[in-house]
Amino acid sequence: MAWHMAAVQLLERVQEGGARTAILDDDGAHTYGELAVQSTAVASALLRDAPSLSGCRVAIMAAPGHRFVAALVGTWLAGGVAVPLCAQHPAPELQYVLRDTGAQRALADAAHHPRLQRLFTEALQLESLTQACIKPLPAVASTDRALILYSSGTTSRPKGVVSTHANIQAMIMPLVSSWDWRADDRILHVLPLHHAHGLINALLCCLWAGATCEFLPRFDARMVWERLGKATLLMGVPTMYHKLLTVWRAAPRTVQAAWADAARKPRLMVSGSSALPTALFDAWAEVTGQRLLERYGMTEMGMALSNPLHGERRSGTVGQPLPGIAVRLVGEDGRAVAGEGAPGELQVRGSSVFMEYWNRPAMTRQAFKAGWFCTGDMAVMERGYYRILGRISVDIIKSGGYKVSALEVEEVLRQHPAIDQCAVVGVPDPEWGERICAAVVLRTGCVLSAASLRAWVKARMAFYKAPTRIILVDALPHNGIGKVQKARVQQLFAEY
Ligand code: MLC
Ligand code: AMP
């Protein structure tokens, strides 16, 4: 049978890998051969008696490790669309994703099965699928939907970004070639798997290359230092490198020396998902001897711009377009800006650019201009390299590498019975990139502590959307709506 999709090519690589180690996780080492068997078993169990899942959405909740990978590849082999969930999200956030995707199947490992089962009847438990009787697998086309990842926007709740198998393949291949992924690589994987950075760049590129992925159960700075000497690659958001340095500085001299020595061993360390401050680039280089490779990307297209593996990695810039990606800068007049030094909106074209926002055709249309995907980021070209200047919308915040919509947080805050008005802003922060901060006006006679309000938000939204600084004010500048007013609210926090 002729297979035409990234997942099957991935499986072919998985099968070719045979006895080589694919995954290292809390359960030990798992070969490519074992992954192939497990993925096929998952696909068979998902299919039941159907010839194909024909684009059914399959929600996946599993710890980072071989079971997650088998669930993902198994979903693809059965013709399904994978929807990786974040186990740390509170129930309302998970319910939103399950409802919005209209998930028809769900997969969970034993640790997460009871939780997913409460949200979605009939979740399959991955541990029990190894003995499933193997079914014939459907043919899946490269143009079929493969993945839905959720990403915040300015105007509404997070939207599902749909990528096809061809899109995913087009995201993987330029990174494998540009960063020279090889079968003898070993990545220390510390990123969440419900976002492009951890899923595509770190995990799928690794499997594509037939390399080894060592998962830590979660990001833990001490653990990263301890394991770094065995890895050839590390990828992280700037907050992670900041946290690693904080822990290093607090360690005894002998430990510092051992950790710094181990950190010289990997051949490549990558930073992305939000701006890497120059001071952090320099401090990391001083301690580890590593010049971080900064690249720029987005859920909607994978990676678009990258500093080079060989050649000048220029701090404060995101380098040049990756192979197969076309970019342009467009000025306020809607025309492409020519030459260096003129800022414009970064727009992108290429086969990695996503297919659609799930069930949101109008939003999909608005995201493109004459076939170019509009990123909403401003950039400028300087001496041949792109530099990201920031977001066009003040209401999109990047905190710890997570994208957060200020309007979405405001909408939730306004549901609190004691809150009359509120304005949420991102305030620059050396550790988190931006901190989510909320200025709140209480209803007359109401009393509310910042801590209780934060806990209230965390029960409803992903933890990184809960404002870390909340101030009570008598009134918001002009009701806190609009760019100028938001700037005034930011000023309030700067003065506070
Ligand atoms: C967590 N905390 C935050 C926070 N996130 N505080 C402020 N701002 C934030 N953004 C708080 C928690 O609420 C908690 O506080 C305390 O910090 C510790 O929480 P934690 O979860 O243990 O933190 P930690 O594990 O250290 O999380 C930091 C992190 C995480 C950097 C590991 O944020 C992370 O995994 N980020 C990666 C995001 C990512 O993958 N983005 C890629 C998107 S794709 P308390 O008070 O509750 O104890 C994309 C495309 C591309 O962007 O280009 O890659
Ligand atoms: P997401 O929507 O979560 O995929 O996040 C994509 C956004 O992250 C981009 O639109 C940028 O705003 C931001 N981003 C990613 N990489 C970088 C980078 N290297 N520098 C600055 N911003 C970045």
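The values are calculated or read from the model by the stated rules, or taken from the named source; none is laboratory data. Remember, predicted model here, so these are calculated numbers, not experimental data. Note that we place each Cβ from the backbone using ideal geometry, even for glycine, and neighbour counts take in every protein chain shown. With ligands, DNA and RNA removed, areas are computed over all heavy atoms of the protein, side chains included. Shrake-Rupley method; radii C 1.70, N 1.55, O 1.52, S 1.80 Å.
For the reader, a short list of remarks on this structure follows.
- Of all accessible heavy-atom area on region 300-412, the percent that carbon and sulfur account for (1.4 Å): 52
- Packing-based ranking, highest mean first, of 117-125, 358-366, 246-254 given that Cβ atoms within 10 Å are counted: 117-125, 358-366, 246-254
- Stretchable slack from CYS374 to ALA110, in nm (0.36 nm times residue separation minus alpha-carbon distance): 90.9 nm
- Rg and Dmax of region 10-197, Cα atoms only, in Å: 16.0, 49
- Region 21-81-region 203-276 distance, computed between alpha-carbon centres (Å): 27
- Peptides ranked, highest mean first, by Cβ atoms within 10 Å: ranges 465-472, 14-21: 465-472, 14-21
- Cross-link partners for LYS486 among the lysines, with Cα-Cα distance under 22 Å and sequence neighbours closer than 8 places in the same chain left out: LYS398, LYS403, LYS465.
- Cβ-defined net charge surrounding GLY28, 13 Å radius [Lys, Arg +1; Asp, Glu -1]: -4
- Value of relative contact order over region 10-197, rounded to a whole percent, pairs C-alpha under 8 Å and six or more apart: 20
- Each Lys and Arg adds +1 at its Cβ and each Asp and Glu adds -1 at its Cβ; summed about the Cα centre, the chain shows a dipole of about 400 debye.
- Hits among lysines - C-alpha to C-alpha of LYS265 under 26 Å, sequence gap 8 or more where chains match: LYS230, LYS243
- Over all other residues within a Cβ to Cβ distance under 11 Å of ALA370, the charged ones net out to +3, with Lys and Arg as +1 and Asp and Glu as -1.
- Cleavage-rule hits (GluC sites (Glu not before Pro)) in region 307-386: DSSP loop, at most 15 neighbouring Cβ within 10 angstrom: GLU312, GLU332, GLU340
- Relative contact order (%) - criterion: Cα under 8 Å, at least six apart; region: the chain: 12
- Residues in region 322-337 carry Karplus couplings, in order, of 6, x, x, 10, 9, 10, 8, 10, 10, x, 4, 7, x, 9, 5, 7 Hz; the curve used is 6.51 cos²θ - 1.76 cosθ + 1.60 with θ = phi - 60°, and Gly or Pro positions show x.
- Paired Rg and Dmax values of region 348-496, which use every Cα atom, in angstrom: 17.6, 59
- Lys, Arg +1 and Asp, Glu -1 on Cβ, resulting dipole of region 352-496 about Cα centre, debye, nearest 20: 240
- Considering only alpha-carbon pairs that sit under 8 angstrom and 6 or more positions apart, the relative contact order computed for region 396-495 is 28 percent.
- Cβ-derived FRET efficiency at R0 45 Å, ASP26 paired with ALA450, nearest 0.05: 0.80
- The trypsin sites (Lys or Arg not before Pro) of region 187-247 that DSSP puts in a loop, and whose beta carbon has at most 13 other beta carbons within 10 Å, are ARG218.
- Look at the dipole of the chain built from charges on Cβ: of TYR150, PRO64, MET171, the Cα furthest out on the positive end belongs to TYR150.
- Kirkwood analysis of the Cα pair distances in the chain returns a hydrodynamic radius of 23.5 Å.
- Each label was represented as a point 7 Å from its Cα along the Cα-to-Cβ direction; for ALA139 and GLU16 these points are 2.2 nm apart.
- Based on DSSP H segments of at least four residues, each scored -39500 (n - 2.57), the chain has a per-residue ellipticity at 222 nm of -9000 deg cm²/dmol.
- DSSP beta bridges in the chain [antiparallel fraction, %, rounded to 5]: 65
- Among GLU12, GLU93, the sequence by solvent-accessible area, most first, with a 1.4 Å probe is GLU12, GLU93.
- Local electrostatic count at ASP420 - Lys and Arg +1, Asp and Glu -1, tallied over other residues with Cβ under 10 Å: +2
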